[in-house]
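Just below is one structure, and these are the notes that go with it.
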Amino acid sequence: MAERRSKSNKKFMLLSALGIFMVVDHHTWITFNLFGDFIPYNSFFMPMFVFISGYFNKVDSSTSLPKYLWKKIKTLLVPYVGISLCVFLLQQLINWIKAGEVPSVPSWYLEYALERIVTVGSFASIVEPMWFVISLFAALVVYAVLKKLLCKIWNSWVMLALFCALHLLVVYFAKTTEPDSITWFLVPLKVLFFLPFIEMGVIYRDHLEKKHSGLSGGWKIALLFVLLAVNMARMMYLPNSYDVAFDSINDLSGFTSPYIVTPLVSSLVGILFWLTLVDLVGKPVYESRFVNYMSCNTFWIMGFHILFFNILNCILLAVNNHIVPLMYFDVEAFQESEWYYWGLSSNFKLVYLAFGILGPLALKWAWDRLRASFGKRFLRNTA
């Protein structure tokens, strides 16, 4: 069996596991909504993943940019391509089950898919969350190049201020420009949107973590209440309470707040809240093998969870068609959308959530077993 990875930084292990749980929870039409009434998932969780990447990102004057680039290609782009291709093939099987016939792929589909990958970041809605990988890869590479070139004069606080200014310009530009006119500029704009959070992760690691972790339990609880109060006040002040959040970062079209500073403030509040909460109460699960496995395989969960929603729907479709009609199961709606869910009751969303998390993890476990088996056979044959 493939070797199990174990993350030594348990706080950030749990933080990344919570982040991917929030992604799936958000995509299951809010099943648990952890503190979401005060700090909506879409107000911070994508920037939080960038913050986590920044925390572990170590670039200095000795960094070899070709080696760094190759490492990011192997850890980000190669899994992106592999997961996307796998989802594409399985999607054809699901489409066949939906329609009852082998689907045909239009001749223009490859061109369309490539266009979406280099603009929005993903080729289809069934793998839509993978848009984030392209943006993260580009942001990390741009950050590395800048820091390498400017290493002699680099000051994290000054660069953070500069990155924040560029971030605000992106939000302003996105709010005041027609979405169709920025399609081919989405990747560089998202890079500028995410750069501050890379630097925040670096600053937290180098300057703030010891002070933050060293706070007493009372001060951490007080900080949590302050952050909740800040967001409650913002929700009351903004025209709509959900304006603290920002949907559709993939195409930069979800900024509903009238203030361009809202995404930055919301992200800071959300990241600091969950950092503090994990630091305060997370230790009982720091040694959890399941949490560690989730954290080590966020890629698989992000890439496959919508596919597993559809696998569940295929099972429900088979039951509906061949065993017993299911109340409220809308066959046509399922055939038309990868985002359909059976609205039997709010509790049934738990089943989708379980499929979205456990399905990709089970697939990863099977993949590791398969690789290990082939590896052992290869060693025996070459011995």
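Using the structure shown, decide if SER64 is over 22 Å from the mean Cα position of the chain (by Cα), of a type in the set (S, T, N, Q), more than 26 Å from LEU18 (Cβ to Cβ) and modelled with pLDDT under 95. Spelling it out, it is not the case that SER64 is over 22 Å from the mean Cα position of the chain (by Cα), of a type in the set (S, T, N, Q), more than 26 Å from LEU18 (Cβ to Cβ) and modelled with pLDDT under 95. The set of residues in the range 7-36 being charged (D, E, K, R) and either under 16 Å from the mean Cα position of the chain (by Cα) or at pLDDT 95 or above (or both) consists of LYS10, LYS11, ASP25.
So if I check each of ILE301, ILE249, which one is within 26 Å of ALA124 (Cβ to Cβ), in contact with a Ser or Thr (Cβ under 9 Å, 6 or more places away or on another chain) and crowded, with 21+ Cβ neighbours inside 10 Å? Result: ILE249 is the single residue among ILE301, ILE249 that is within 26 Å of ALA124 (Cβ to Cβ), in contact with a Ser or Thr (Cβ under 9 Å, 6 or more places away or on another chain) and crowded, with 21+ Cβ neighbours inside 10 Å. Of everything listed in (1) of a type outside the set (Val, Ile, Thr); (2) surrounded by 14 or more Cβ atoms within 10 Å (Cβ to Cβ); (3) without any contact (Cβ under 8 Å) to a residue 40 or more places away in the chain, the single unmet condition for PRO66 is (2). With respect to VAL24, is the statement that it is closer than 22 Å to GLY359 by Cα and in contact with a His (Cβ under 8 Å, 6 or more places away or on another chain) true? When the stated conditions are applied, VAL24 passes them.
Applying the set (1) of a type in the set (Val, Ile, Thr); (2) in contact with a Phe, Trp or Tyr (Cβ under 9 Å, 6 or more places away or on another chain); (3) within 24 Å of SER53 (Cβ to Cβ) to ILE182 leaves exactly one unmet item: (3).
Are any of the residues in the range 99-106 in contact (Cβ under 8 Å) with a residue 24 or more places away in the chain and not basic (Lys, Arg)? Yes, there is a match, as at least one residue in the range 99-106 is in contact (Cβ under 8 Å) with a residue 24 or more places away in the chain and not basic (Lys, Arg). Take the residues of the range 229-246 that are assigned to a helix (DSSP H, G or I) and crowded, with 16+ Cβ neighbours inside 10 Å: which is modelled with the lowest pLDDT? Ranking the qualifying residues of the range 229-246, first place goes to SER241. Taking the criterion of being exposed (fewer than 14 other Cβ atoms within 10 Å of the Cβ) and of a type in the set (A, V, I, L, M, F, W, C), the residues of the range 147-161 that qualify are LEU149, LEU150, CYS151, ILE153, TRP157, VAL158, ALA161.
When LEU317, LEU307, LEU280, LEU252 are screened for being out of contact with any Lys or Arg (no Cβ under 8 Å at 6 or more places or on another chain) and either of a type in the set (A, V, I, L, M, F, W, C) or at positive phi (or both), only LEU307 passes.
When each of ILE249, ILE271, ILE260 is tested for being under 29 Å from VAL133 (Cβ atoms) and in a helix (DSSP H, G or I), the lone residue that passes is ILE271. Among residues of the range 353-371 that are of a type in the set (Asp, Glu), those with a beta-carbon under 9 Å from a residue that is surrounded by fewer than 18 Cβ atoms within 10 Å (Cβ to Cβ) at least six positions away or on a different chain give the pairs ASP368/MET1; ASP368/ALA2; ASP368/GLU3; ASP368/ARG4.
Elements of the type helices (runs of 4 or more DSSP H) sitting completely within the range 1-75 and holding at least 3 residues that are closer than 21 Å to LYS349 by Cα and touching a Gly at 6+ places or on another chain (Cβ under 9 Å): these cover 10-27.
Residue by residue, here is whether (1) part of a helix (DSSP H, G or I); (2) touching a strand residue (DSSP E or B) at 6+ places or on another chain (Cβ under 6 Å); (3) within 20 Å of VAL133 (Cα to Cα); (4) modelled with pLDDT under 90 holds:
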{"residue": "LEU77", "(1), (2), (3), (4)": "yes, no, yes, no"}
{"residue": "GLY82", "(1), (2), (3), (4)": "yes, no, yes, no"}
{"residue": "PHE88", "(1), (2), (3), (4)": "yes, no, yes, no"}
{"residue": "LEU93", "(1), (2), (3), (4)": "yes, no, no, no"}
{"residue": "ILE97", "(1), (2), (3), (4)": "yes, no, no, no"}
{"residue": "SER104", "(1), (2), (3), (4)": "no, no, no, yes"}
{"residue": "GLU115", "(1), (2), (3), (4)": "yes, no, yes, no"}
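Scanning the range 351-371 for residues that are more than 20 Å from the chain's Cα centre (by Cα) and either surrounded by 15 or more Cβ atoms within 10 Å (Cβ to Cβ) or among the hydrophobic types (A, V, I, L, M, F, W, C) (or both) yields VAL351, TRP365, ALA366, TRP367, ASP368, LEU370.
The values are calculated or read from the model by the stated rules, or taken from the named source; none is laboratory data. Owing to the predicted nature of the structure, the values given are computational and were not obtained by experimental measurement. Glycine also receives a Cβ, built like all others from the backbone with ideal geometry; neighbour counts cover every protein chain displayed.
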